[in-house]
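Worksheet: the structure to be examined is printed underneath.
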Amino acid sequence: QVQLVESGGGLVQAGGSLRLSCAAPGRTFSRNVMGWFRQAPGKEREFVAASGGIIKYADSVKGRFTISRDNTKNTVYLQMNSVKPEDTAAYYCAARNSGSYYYTPSDSGEYDVWGQGTQVTVSS
């Protein structure tokens, strides 16, 4: 089973940038669909981006966030640019253990393994 560890969260001013990382120590996930989700206090977990044979973004982050992966480092990234206060949330990395590499779902229930999350706070 893939274990995931997120890092890179912190406090950033609106309009700034931040890069989140998600590592899978000791395990390759080059053929796993990987996703980023976020959850703000009092709200449900929501989809941010997914990477597989197809890359998908939530409308709220399209054009500002970029998901990428370095399979040689077993790491997936989320580059966050032009951040807004509404981007404040705990960000979670997730992996699918089965299914087509070309199916990148936005439903959190379709992901099998999760990291512990990293907090991103955007100040106005």
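The values are calculated or read from the model by the stated rules, or taken from the named source; none is laboratory data. Keep in mind that this is a model prediction, so the values were computed, not measured. Quick reminder, even Gly has a Cβ in these numbers, built from the backbone with ideal geometry, and neighbours come from all protein chains shown. Remember, those area values only see protein heavy atoms, side chains included, never the ligands or the DNA or RNA. Shrake-Rupley method; radii C 1.70, N 1.55, O 1.52, S 1.80 Å.
Taking the Cβ-Cβ separation of Asp70 and Gln119 as r and a Förster radius of 25 Å, what is the calculated FRET efficiency to the nearest 0.05?
For R0 = 25 Å, the calculated efficiency reads 0.60.
What number comes out for accessible area per residue over the chain if the probe is 1.4 Å? Units Å², please.
Per residue, the chain has 49 Å² of solvent-accessible surface.
How much net charge surrounds Asn81 when only other residues with a Cβ under 14 Å from its Cβ are counted (Lys, Arg +1; Asp, Glu -1)?
+3
Work out how much length Leu11 to Arg31 would gain on full extension: take 0.36 nm times their residue separation and subtract the Cα-Cα distance, in nm to one decimal.
Computed gain between Leu11 and Arg31 is 4.0 nm.
Can you list the GluC sites (Glu not before Pro) in the stretch 1-109 that are in a DSSP coil and have 16 or fewer other beta carbons within 10 angstrom?
Glu44
How much solvent-accessible surface does Asp70 expose, in Å² to the nearest 10, with a 1.4 Å probe and all protein chains in place?
40 Å²
Taking H as built 1.01 Å from N, whose amide H comes closer than 5 Å to the amide H of Arg69, not counting residues under 5 places away?
Under 5 Å from the amide H of Arg69 lie the amide H atoms of Tyr77, each far enough along the sequence or on another chain.
How many percent of the accessible area of the stretch 1-123 is carbon or sulfur, using a 1.4 Å probe?
Within the stretch 1-123, the accessible surface is 46 percent carbon and sulfur.
When the Karplus curve 6.51 cos²θ - 1.76 cosθ + 1.60 is applied with θ = phi - 60°, which whole-Hz ³J(HN,Hα) does each residue of the stretch 29-39 get, with x for Gly and Pro?
10, 4, 10, 9, 6, 10, x, 10, 10, 9, 9
Taking a quarter of the surface of the convex hull around the Cα atoms of the stretch 1-49, what do you get in nm²?
4.8 nm²
Using DSSP to define loop residues, name the chymotrypsin sites (Phe, Trp or Tyr not before Pro) in the stretch 38-124 whose beta-carbon has at most 14 other beta-carbon atoms within 10 Å.
When the chymotrypsin sites (Phe, Trp or Tyr not before Pro) of the stretch 38-124 are filtered for loop state and at most 14 Cβ neighbours within 10 Å, Tyr101, Tyr102, Tyr103 remain.
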